[in-house]
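Engineer: Supplied in structure tokens, the structure appears directly below.
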Amino acid sequence: MHTYKLRLQKEAQGGFTVSVPSLPGCITYGENVDEAISMAKEAIELYLEELKERGEVIPDDNNVLEYSLIV
């Protein structure tokens, strides 16, 4: 099992763009937060499947700390 942080960006036209910082290029969209998370899960699964087929290392966020700083 792998752990990934998601970055949800609210879009001006509505909905959310979701990116997975540990998986470059793994980006998707959802009309609401629940759909965006569901779409992200599917995108991650497809991304990991592709990495496995290529025999590449599968990164994850198990050792990543995250902190939000307000300045």
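Just so it is clear, none of the values below were taken in a lab; they were calculated from the coordinates. Quick caveat, the model's predicted, so the values are computed rather than measured. As a convention, Cβ positions derive from the backbone with ideal geometry for all residues, glycine included, and neighbour counts pool all protein chains shown.
Engineer: Cβ contacts < 6 Å: first residue closer than 14 Å to SER38 by Cβ, restricted to region 7-24; second residue of a type in the set (Ser, Thr, Tyr) and in a loop (DSSP other than H, G, I, E, B), any location; separation 6+ or different chain. Result?
Structural biologist: Filtered contacts from region 7-24: VAL20/TYR4.
Engineer: Filtering region 42-55 down to residues that are more than 23 Å from SER68 (Cβ to Cβ) and within 12 Å of the chain's Cα centre (by Cα), which residue is surrounded by the most Cβ atoms within 10 Å (Cβ to Cβ)?
Structural biologist: Ranking the candidates gives ALA43 first.
Engineer: In region 1-25, what count of residues is obtained for those that are surrounded by 14 or more Cβ atoms within 10 Å (Cβ to Cβ), more than 11 Å from ALA43 (Cβ to Cβ) and polar (S, T, N, Q)?
Structural biologist: The number of residues fulfilling the criteria is 2.
Engineer: Within region 18-71, can you find the residues that are polar (S, T, N, Q) and either assigned to a loop (DSSP other than H, G, I, E, B) or farther than 16 Å from TYR4 by Cα (or both)?
Structural biologist: SER22, ASN32, ASN62, ASN63, SER68
Engineer: Being touching a Leu at 6+ places or on another chain (Cβ under 7 Å) and buried (at least 18 other Cβ atoms within 10 Å of the Cβ) is the filter here, so list the residues in region 26-41 that pass it.
Structural biologist: ALA36, ALA40, listed by residue number.
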